[in-house]
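Working notes, structure below.
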4 protein chains.
Amino acid sequence: MIKGYTLPRTPRGKSSLVPNPPWHFVGNVLAVEYKVDEDIAASFLPEGLELASNQCTAYFIEWQYASESGEEYLDPVFSQYRETIILLSASYNGSPVAYCPFIWVDQDKALMRGLIQGWPKQIGETWITRPYELSSKAAPVLGKGGKFGASLSANGRRLVEARVTLEEKADSLPSPTFANAVLLRYFPELVNSKHNKPAVHELVQLKSRDVEISPIWKGQASLNIFDHPYTELPDLSPTSVLAGYRFSVAVTVDDLLYLRNLK
Amino acid sequence: MIKGYTLPRTPRGKSSLVPNPPWHFVGNVLAVEYKVDEDIAASFLPEGLELASNQCTAYFIEWQYASESGEEYLDPVFSQYRETIILLSASYNGSPVAYCPFIWVDQDKALMRGLIQGWPKQIGETWITRPYELSSKAAPVLGKGGKFGASLSANGRRLVEARVTLEEKADSLPSPTFANAVLLRYFPELVNSKHNKPAVHELVQLKSRDVEISPIWKGQASLNIFDHPYTELPDLSPTSVLAGYRFSVAVTVDDLLYLRNLK
Amino acid sequence: MIKGYTLPRTPRGKSSLVPNPPWHFVGNVLAVEYKVDEDIAASFLPEGLELASNQCTAYFIEWQYASESGEEYLDPVFSQYRETIILLSASYNGSPVAYCPFIWVDQDKALMRGLIQGWPKQIGETWITRPYELSSKAAPVLGKGGKFGASLSANGRRLVEARVTLEEKADSLPSPTFANAVLLRYFPELVNSKHNKPAVHELVQLKSRDVEISPIWKGQASLNIFDHPYTELPDLSPTSVLAGYRFSVAVTVDDLLYLRNLK
Amino acid sequence: MIKGYTLPRTPRGKSSLVPNPPWHFVGNVLAVEYKVDEDIAASFLPEGLELASNQCTAYFIEWQYASESGEEYLDPVFSQYRETIILLSASYNGSPVAYCPFIWVDQDKALMRGLIQGWPKQIGETWITRPYELSSKAAPVLGKGGKFGASLSANGRRLVEARVTLEEKADSLPSPTFANAVLLRYFPELVNSKHNKPAVHELVQLKSRDVEISPIWKGQASLNIFDHPYTELPDLSPTSVLAGYRFSVAVTVDDLLYLRNLK
């Protein structure tokens, strides 16, 4: 009798790429709010969502992860990963929600956890400036005047780069925010007659608990999305940039809200 | 209306991590046949399969891939990847088939194509000796006396290493072979009450067409599977090693045979 | 007229892998003090140094770097790197100094800066647990009871792993410490008759300025150095482990002390 | 008494990043001849060389390496690497030679061997289309009509991409060719007063033996060199592209010709 929350399923169930939830996360976040072309943004939404506004947020996050009993953070090659998330402003049944058209991580475990939640994850490399607790020409202050950068590359091409200069503390997170995002769970069929009839195609909404947010710093920002021969990410390039943010977040995930079957 | 064979699904459908089948593959293969503990091998099989023998094969493959119209091999960062596959000897309804308990690739696109077929793919780095068409102390001959090596690492730990010395041409492929392997398609639920009730849990059988095999070289081999703190791969360590193989294979995939729902 | 502090030297001098000093660094450090076999430790020292004790320190550091005018930390793919350093306790002319037999970094720029200072750098991947400013099951507290891990891998093999549990603040850095380390600058000849007559072979001592150290946490530790088929690192495996440390350091480098020509 | 051809120097001399020559290499090469701005090309040459013509060649090579007794190709993580080389057409004392302004490899051992020979090596990722011995939509024929691609990325940015369509066999290698290239050995000082007075600064010429070249295929080509914020590589962008080549080469290196001290 083999077992495990994901493949590989094995006799003792220790080999599963991702163990049973709950999953605990803590991360440092750099984020940039920006505007895109409204018609284009709308065209990226799945059935069941409507565009709420043409405001997007790009998140760059340096995560550390642990399962309920795993203490993976003590063997950090299994725990640390970095992520870039693009979020659109949508509404579901009249309520504002975020929707994610693109996301990149640098680790297989994070990719698998993402697919299960409906995040359309691919492998990419994210880099984010770190503040340190010492004064140095090699690091920004985590405070007024501190300058931070971030970049995303995939397959050896730079896709996105951002800069943020912190100015003041803020009361609210960037918008759209990833809490309660609505995502698309999608798992295709390969049987010849069913290439367009997926086994799983459903709209879901993220659930999380034990959320903690650090003080939030806000400031000026820039964001560049580079041309690319194969992906549609550049269609969501900024028409204007609103603001940048820097904060930390802790969150636990062990549930998901089923919204609608799209099959 | 967003589209695409996999996530990310987008307006023009160009951004899907994996495009619609057919998928074309060509690869150079180093393989080692070996024996394992019979009870342990049996314990790795899913419901619906029985152990046919305690013979396994480890495959190390350097692939190049293209979609039907993509010519991805001209931008080879999107096309080339390396893979290590472990196969067990099983039977389904009395017919001999292979079953894969573990597999590693080094690319997100290959990982996604694998999940769709039921391969339990994780990210790992495979290295395989290459023959060259020139005589050199830096390369083996592809022929009698040629010595080849291969290794698999994941998360910075070496998991497997193999050596093969070619002795003679052979008439048959190593056994078990990956053609017609029976695999487990498995996609979990995250809704809290359903962590053990997957959305997809089915036994499937690979289908392929336009298969070509090069001349097959066979010889002596060694295989080491290293201890590891978290995975059960070492439970399938060799009790004896039978033979090594080197050949090339070309194959096209655009179909899958549904066998049985395990939900 | 081409220019640049290192190769590649080019017309505008902008392409040099490493720019002119000064170089500014800030890093988070996990360290473990341990004992090794005394005769073996002595055998690793170059001419001009004597063994001071059989005490070693292994350092695992997450660095951020900037040149004098470069602000590289805003494009952090060029600025961030991780390093593992092994230090022996030596004496030079009767004064205690550290000597480095082995060091690994994950970036070419850091490797080149190292060679210039006499660090025997190779490419390897270091992972170090991070504390976060929020409470989470995915991160330790940076304080009493906080548990940290680190690992080093090179070429897909794990070489070193460490664990530290913080217990109390300490007044002093681990010993030996990397400030004022004595190193070997060595640049070989390839001309056939001179393979054993290097162009550069000299004993040098690190110089640094603007050093800042954070509060230092100390506690219990473990350290494993794994067997390896090709390197002598395992000869310096711990016979006992003394203590673990966690602190941050900022430092600027633009000078070096020449000690002795060993040609 | 520590020993070794390069750092790290250790008691048994087994740990040296690079062992004593001779070094044996075999590689598959894709190359593109092209023209650049003549004045710019001239400005990249070091003292002692003059521009011979504005013709350059970009080489993309998939290498396998072994030391004299090492059989590294049997543990190919230590043996295989990929390289991109840019060569200019220069003359030294009236004789035509190649000069290398830029080169990228993906392995520390190759980087170190390069620095010793005067190659200005940095870390970068090269990808090159492979032919296979089987017919497949995933691979080109190694012959008339076969289409090959290559790319170079460093630090997550694409720097160069090439395409070659083979048309006919050719009698001669691309020009300039890397045999007998003249290079700059350069090892800086860090002592404060000597930042511009390197320890080693000399013009040298490559020597090789046991050179073998496969049949050479030639055809049409394209080459793009992309903009980059920090490097001068784009100054050497093609003004026109002449031809593409595909061949294999085997070579042994254990010597170097000293030409001139530039200190």
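Quantify how strongly other chains surround peptide B:111-122 by giving the mean number of their Cβ atoms within 10 Å of each of its Cβ atoms. Display every interim value, and only then the final one.
Working: counts 7, 5, 1, 1, 8, 6, 1, 2, 2, 9, 5, 9.
The per-residue average across the peptide is 5.
Tell me, Kirkwood radius of the stretch B:155-263 from alpha-carbon pair distances, in Å? Before the final figure, lay out each step's value.
Values: mean 1/r = 0.0573 Å⁻¹.
Computed over the stretch B:155-263, the radius equals 17.4 Å.
On a full-extension model of 0.36 nm per residue, what is the gain between D:Asn180 and D:Asn261, subtracting their alpha-carbon distance, rounded to one decimal in nm?
Working: separation 81, 0.36 × 81 = 29.16 nm, distance 1.80 nm.
Net length gain for the segment: 27.4 nm.
Which of rounded, prolate, oblate describes the stretch C:151-195, given a ≥ b ≥ c as roots of the alpha-carbon gyration tensor eigenvalues and a/c under 1.5 marking rounded, otherwise prolate only if a/b is larger than b/c? Don't skip to the answer; put the middle values down first.
On the way: a/c = 7.73, a/b = 1.79, b/c = 4.32.
Here the stretch C:151-195 falls in the oblate category.
Run the label-point distances for A:Pro215 please: 7 Å along Cα to Cβ, every other copy, nanometres, shortest first.
Copy-to-copy label distances at A:Pro215, shortest first: 1.7, 7.3, 7.4 nm.
Does the stretch A:90-171 come out rounded, prolate or oblate, given a ≥ b ≥ c as the square roots of the eigenvalues of its C-alpha gyration tensor, rounded meaning a/c under 1.5 and, failing that, prolate meaning a/b above b/c? Please report the intermediate quantities before stating the final value.
Values: a/c = 2.46, a/b = 1.42, b/c = 1.73.
Because a/c hits 1.5 or more and a/b fails to exceed b/c, the stretch A:90-171 counts as oblate.
Starting from the 7 Å offset along Cα-to-Cβ, what nm value, one decimal, do you get for the label separation of B:Ser95 and A:Asp171?
Here the modelled spin labels are 6.8 nm apart.
Residue separation times 0.36 nm, minus the C-alpha to C-alpha distance between A:Ile40 and A:Ser135: what's the value? Intermediate values should be presented prior to the final figure.
Numbers: separation 95, 0.36 × 95 = 34.20 nm, distance 4.39 nm.
Value of the extension gain: 29.8 nm.
How long are the semi-axes of the ellipsoid equivalent to the stretch B:1-49, from square roots of 5 times the Cα gyration tensor eigenvalues, in whole Å, largest first?
Details: eigenvalues 304, 67, 13 Å².
So the three semi-axes of the stretch B:1-49 are 39, 18, 8 Å.
Across the residues of C:75-83, average count of Cβ atoms on other protein chains within 10 Å? Before the final figure, lay out each step's value.
Working: counts 11, 9, 13, 4, 6, 5, 0, 0, 0.
Averaged over the peptide's residues, the number is 5.
Axis carrying B onto A: which residue of B has the nearest Cβ, and how far, whole Å?
Here the value is B:Phe187, 2.
Compute the signed sum of charges (Lys and Arg +1, Asp and Glu -1) over the other residues within less than 10 Å, Cβ to Cβ, of A:Ala110. Don't skip to the end; give the middle numbers.
Values: positive: A:Arg82, A:Lys109, A:Arg113, A:Lys121; negative: A:Glu83, A:Asp106, A:Asp108.
Spelling it out: positives minus negatives among the neighbours equals +1.
Looking at the square roots a ≥ b ≥ c of the eigenvalues of the Cα gyration tensor of the stretch A:206-263, which shape do they give, rounded for a/c under 1.5, prolate if a/b is larger than b/c, or oblate? The partial results should precede the final answer.
Values: a/c = 3.03, a/b = 1.17, b/c = 2.58.
Note, shape of the stretch A:206-263 comes out oblate.
If you project the alpha carbons of chain D onto the principal axes, what extent comes out on each, in Å, largest first?
For chain D, the Cα spread along each principal axis is 57, 46, 36 Å.
Cα-Cα over 27 Å: which of D:Lys35/D:Lys169; A:Lys35/B:Lys3; C:Lys109/D:Lys35; B:Lys137/D:Lys3; A:Lys169/C:Lys14; A:Lys3/C:Lys147?
Numbers: D:Lys35/D:Lys169 22 Å; A:Lys35/B:Lys3 24 Å; C:Lys109/D:Lys35 30 Å; B:Lys137/D:Lys3 25 Å; A:Lys169/C:Lys14 38 Å; A:Lys3/C:Lys147 30 Å.
C:Lys109/D:Lys35; A:Lys169/C:Lys14; A:Lys3/C:Lys147, as the Cα separations exceed 27 Å there.
What percent does the relative contact order of chain D come to when contacts are Cα pairs within less than 8 Å and at least six residues apart? Can you show the working numbers first?
Numbers: 678 pairs, mean separation 55.5, N = 263.
Once divided by the residue count of chain D, the mean separation gives 21 percent.
Taking each pair of distinct Cα atoms in the stretch D:1-140 once, what is the resulting Kirkwood hydrodynamic radius in Å?
For the stretch D:1-140, the Kirkwood estimate is 17.2 Å.
Taking each label point as 7 Å beyond Cα in the direction of the beta carbon, state the distances from B:Gly13 to the same residue in the other copies, shortest first, in nm.
Spacings between copies for this position, smallest first, are 4.0, 5.7, 6.5 nm.
With no solvent and one point per C-alpha, what does the Debye sum give as log10 I(q)/I(0) for the stretch B:104-217 at q = 0.09, 0.19, 0.22 Å⁻¹?
-0.39, -1.24, -1.31
Sorted from largest down, give the three principal axis spans of the alpha carbons of the protein assembly as shown, whole angstrom values.
Result, largest extent first: 74, 67, 58 Å.
Could you let me know the centre-to-centre spacing of the stretch A:112-148 and the stretch B:226-263, using Cα atoms, in angstrom?
So the two Cα centres are separated by 37 Å.
Have a look at the DSSP beta bridges in chain D and tell me what percent are antiparallel, nearest 5. Present the calculation step by step, with values, prior to reporting the outcome.
Details: 86 of 90 bridges.
Once the DSSP bridges in chain D are tallied, antiparallel ones form about 95 percent.
Work out the mean other chain Cβ neighbour count within 10 Å for the residues of B:217-229 and drop it here as an integer. Intermediate results must be reported in sequence, preceding the final value.
Working: counts 0, 0, 0, 0, 0, 0, 0, 0, 0, 2, 0, 3, 3.
Per-residue shielding by partner chains comes out at 1.
Quick one: go through the stretch B:93-115 and flag any residue whose amide nitrogen is under 11 Å from the point 7 Å out along the Cα-to-Cβ line of A:Met1.
none
Give me the net charge of D:Gly48's neighbourhood, meaning all other residues with Cβ under 10 Å from the Cβ of D:Gly48; Lys, Arg count +1, Asp, Glu -1. Provide the component values of the computation, followed by the final result.
Details: positive: D:Arg260; negative: D:Glu47, D:Glu50, D:Glu202.
Summing Lys/Arg as +1 and Asp/Glu as -1 gives -2.
Based on the Cβ-Cβ distance of A:Val191 and D:Asp210, what FRET efficiency does E = 1/(1 + (r/R0)^6) give at R0 = 45 Å, to the nearest 0.05?
Plugging the Cβ-Cβ distance into 1/(1 + (r/R0)^6) gives 0.25.
For C:Lys194, which inter-copy label distances result when the label point lies 7 Å beyond Cα on the Cα-to-Cβ vector, reported in nm to one decimal and in ascending order?
Result, one decimal in nm: 1.6, 7.1, 7.2.
Since every read-out is calculated from the coordinates, none of them should be taken as a lab result. Fair warning: this is a prediction, and the values are worked out from it, not measured in the lab. Heads up, the Cβs are rebuilt from the backbone with ideal geometry, glycines too, and the neighbour counts pull from every protein chain shown.
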